[in-house]
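The values are calculated or read from the model by the stated rules, or taken from the named source; none is laboratory data. Fair warning: this is a prediction, and the values are worked out from it, not measured in the lab. Heads up, the Cβs are rebuilt from the backbone with ideal geometry, glycines too, and the neighbour counts pull from every protein chain shown.
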Amino acid sequence: MARGVFVGVATVDVVHRLERLVRPNEKVTALGQEIAAGGPAANAAVTFARLGGEATLVTALGSHPLARYVAAELASHGVSVVDAAPDATVAPPVSAIQVLDSTGDRQVSSINAGAFWAAHPAEPPSGLAALAAAADVVLVDGHHPLLALAAARAASQPPGAAGAHGRVPVVLDGGSWKPVLAELLPLVDYAVCSAVFPDAASLEVPHVAVTRGPDPVLWWSEGSSGEIPVPSVDVQDTLGAGDAFHGAFAYALAGGTSFQGSLVHGARVAALRCSVAGPRAWLEQL
């Protein structure tokens, strides 16, 4: 079984599906409501686990009741959680999400997770280095800088180093630029970025890809470049599609699939996610 370690933020996602967007100073009745754990690394871990992998999420949660809900919801989808801030009492970040019923497009309001945890910085927990070194793939989203650096450094140990079974591929979920990336990028093997990531093609990373919604995925690898087509689907919900891409990409990579082949797998799973409404219902189609 492929083992994946996912390092990053976990949130509470409150999702309302709406017939139309809310105007200023207006109240509307949602068509439906769902609550689930969210965040790039967390959703990628859920996807990885659903595909058949052993997924561990290293994050900061704490003891707040909402944090306990996040941990339980992730566990219900097969994700083991390592909490790097078990004594924190603040509520975890909450994302308010509106999904437009007619198009599946979403609007998200949230707070910067890095700023949120600045008052309670998450220190690498004991055992993180061994966990990362024993994995088949490590994915970081950069929202918890100290955790990301510790995991990436452990994964990058050369063969023969204490506790290492060889270099573990490190995948960056490049949703946006974060200050820690200046230090983190030299440890990254695969950067899979969104279209808003600045100058992704110029990153000094061995393998780089840029996802662009329904448009082909662009990739650069060892002097070559190309495009990966994205399957066309009837879009119902785009929330978390990029996270599903990263989880599926990491799963394929952990199983020995090539860079381009892993991108194909990621695109297929992300398209499937977009074809089903709701943050978790689509998993039944995998």
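One table, with the values for the structure above:
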{"item": "Total residues in segment 38-86, condition of a type in the set (Val, Ile, Thr), in contact with a helix residue (DSSP H, G or I) (Cβ under 6 Å, 6 or more places away or on another chain) and surrounded by fewer than 24 Cβ atoms within 10 Å (Cβ to Cβ)", "result": "1"}
{"item": "Top-ranked residue in segment 1-57 [being among the polar types (S, T, N, Q) and outside any loop (DSSP other than H, G, I, E, B); ranked as farthest from the chain's Cα centre (by Cα)]", "result": "GLN33"}
{"item": "Qualifying position, being closer than 23 Å to VAL171 by Cα and not hydrophobic (A, V, I, L, M, F, W, C), among PRO24, PRO40, PRO65, PRO93", "result": "PRO40"}
{"item": "Filter result for THR211 (in contact with a strand residue (DSSP E or B) (Cβ under 7 Å, 6 or more places away or on another chain), assigned to a loop (DSSP other than H, G, I, E, B) and of a type in the set (Ser, Thr, Tyr))", "result": "no"}
{"item": "Residue check for GLY242: outside any strand (DSSP E or B) and surrounded by fewer than 17 Cβ atoms within 10 Å (Cβ to Cβ)", "result": "no"}
{"item": "Failed condition for ASP234, given (1) surrounded by fewer than 12 Cβ atoms within 10 Å (Cβ to Cβ); (2) at pLDDT 95 or above; (3) touching a helix residue (DSSP H, G or I) at 6+ places or on another chain (Cβ under 9 Å); (4) closer than 13 Å to GLY142 by Cβ", "result": "(4)"}
{"item": "Meets criteria (assigned to a strand (DSSP E or B) and in contact (Cβ under 8 Å) with a residue 60 or more places away in the chain) for VAL192", "result": "yes"}
{"item": "Residue match in segment 67-81 (condition: among the β-branched types (Val, Ile, Thr) and in a strand (DSSP E or B))", "result": "yes"}
{"item": "Residue within segment 14-28 that is buried (at least 24 other Cβ atoms within 10 Å of the Cβ) and of a type in the set (Val, Ile, Thr) present", "result": "yes"}
{"item": "Members of segment 253-281 that are crowded, with 23+ Cβ neighbours inside 10 Å and either without any contact (Cβ under 8 Å) to a residue 24 or more places away in the chain or of a type in the set (S, T, N, Q) (or both)", "result": "SER262"}
{"item": "Condition met for THR47 (modelled with pLDDT of 95 or more, under 30 Å from LEU21 (Cα atoms) and polar (S, T, N, Q))", "result": "yes"}
{"item": "Selected residue [under 25 Å from ALA2 (Cβ atoms) and of a type outside the set (D, E, K, R)] from ALA148, ALA195, ALA182", "result": "ALA148"}
{"item": "Which numbered condition ALA115 misses (of (1) more than 18 Å from the chain's Cα centre (by Cα); (2) modelled with pLDDT of 90 or more; (3) in a helix (DSSP H, G or I))", "result": "(2)"}
{"item": "Filter result for the condition that a residue is touching a Ser or Thr at 6+ places or on another chain (Cβ under 8 Å) and modelled with pLDDT of 95 or more, over ALA248, ALA209", "result": "ALA248"}
{"item": "Matching option when the condition is under 21 Å from PHE6 (Cβ atoms), in contact (Cβ under 8 Å) with a residue 12 or more places away in the chain and touching a Lys or Arg at 6+ places or on another chain (Cβ under 9 Å), among GLY78, GLY52", "result": "GLY78"}
{"item": "Restricting segment 192-210 to residues that are farther than 12 Å from TRP177 by Cα and hydrophobic (A, V, I, L, M, F, W, C), the residue that is farthest from the chain's Cα centre (by Cα)", "result": "ALA201"}
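Results for (1) part of a strand (DSSP E or B); (2) among the hydroxyl-bearing types (Ser, Thr, Tyr); (3) over 20 Å from ALA36 (Cα atoms), shown as yes or no for each residue.
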residue	(1), (2), (3)
PRO92	no, no, no
SER102	no, yes, yes
GLY142	no, no, yes
ALA148	no, no, yes
ALA151	no, no, yes
